[in-house]
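The values are calculated or read from the model by the stated rules, or taken from the named source; none is laboratory data. Since the structure is predicted, the reported quantities are computational estimates derived from the model, not experimental observations. Positions of Cβ are generated from backbone atoms using ideal geometry, with glycine treated the same way; all protein chains shown enter the neighbour counts.
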């Protein structure tokens, strides 16, 4: 494994920098356990033709865990006890980092049945 992959894995494995989640392709049942990182754009950002503003929510996922993230995929973000804290849906795909290790995705929070 190269040093860049080791550094990315260290960030995603750090409980202070990343979170456990279940990635559900197309929003289907089941899913794949992954680690995600939330990102907050600091301004209006243009990435590969996509534009994100301060209200946007971005997540990063390792391509070693989700090789082909797609719009419509759903991600159940887990709390410390392993229960679903929130569910987000991938609304936009953005860049892949230069080393092809991490993909940034725009997401939107889905309302849960018990939300007011």
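Against the conditions (1) loosely packed, with under 14 Cβ neighbours inside 10 Å; (2) modelled with pLDDT of 95 or more; (3) farther than 24 Å from residue 7 by Cα; (4) touching a strand residue (DSSP E or B) at 6+ places or on another chain (Cβ under 8 Å), residue 74 satisfies every one except (1). The residue list 81, 97, 115 contains one member that is exposed (fewer than 13 other Cβ atoms within 10 Å of the Cβ) and at pLDDT below 95, which is 115. Residue count for region 55-83 satisfying the condition of being free of Cβ contacts under 8 Å to residues at least 24 places away in the same chain and either more than 19 Å from residue 26 (Cα to Cα) or assigned to a strand (DSSP E or B) (or both): 5.
In the set (1) at pLDDT 95 or above; (2) more than 20 Å from residue 11 (Cα to Cα); (3) surrounded by 12 or more Cβ atoms within 10 Å (Cβ to Cβ), residue 107 fails one condition alone, (1). Note on region 52-69: among residues that are at pLDDT 65 or above and either out of contact with any strand residue (DSSP E or B) (no Cβ under 8 Å at 6 or more places or on another chain) or farther than 30 Å from residue 2 by Cα (or both), the one that is surrounded by the most Cβ atoms within 10 Å (Cβ to Cβ) is 56.
Considered as a group, the residues in region 1-22 that are touching a residue at least 60 places away in the same chain (Cβ under 8 Å) and assigned to a helix (DSSP H, G or I) include one that is farthest from the chain's Cα centre (by Cα), and that residue is 4.
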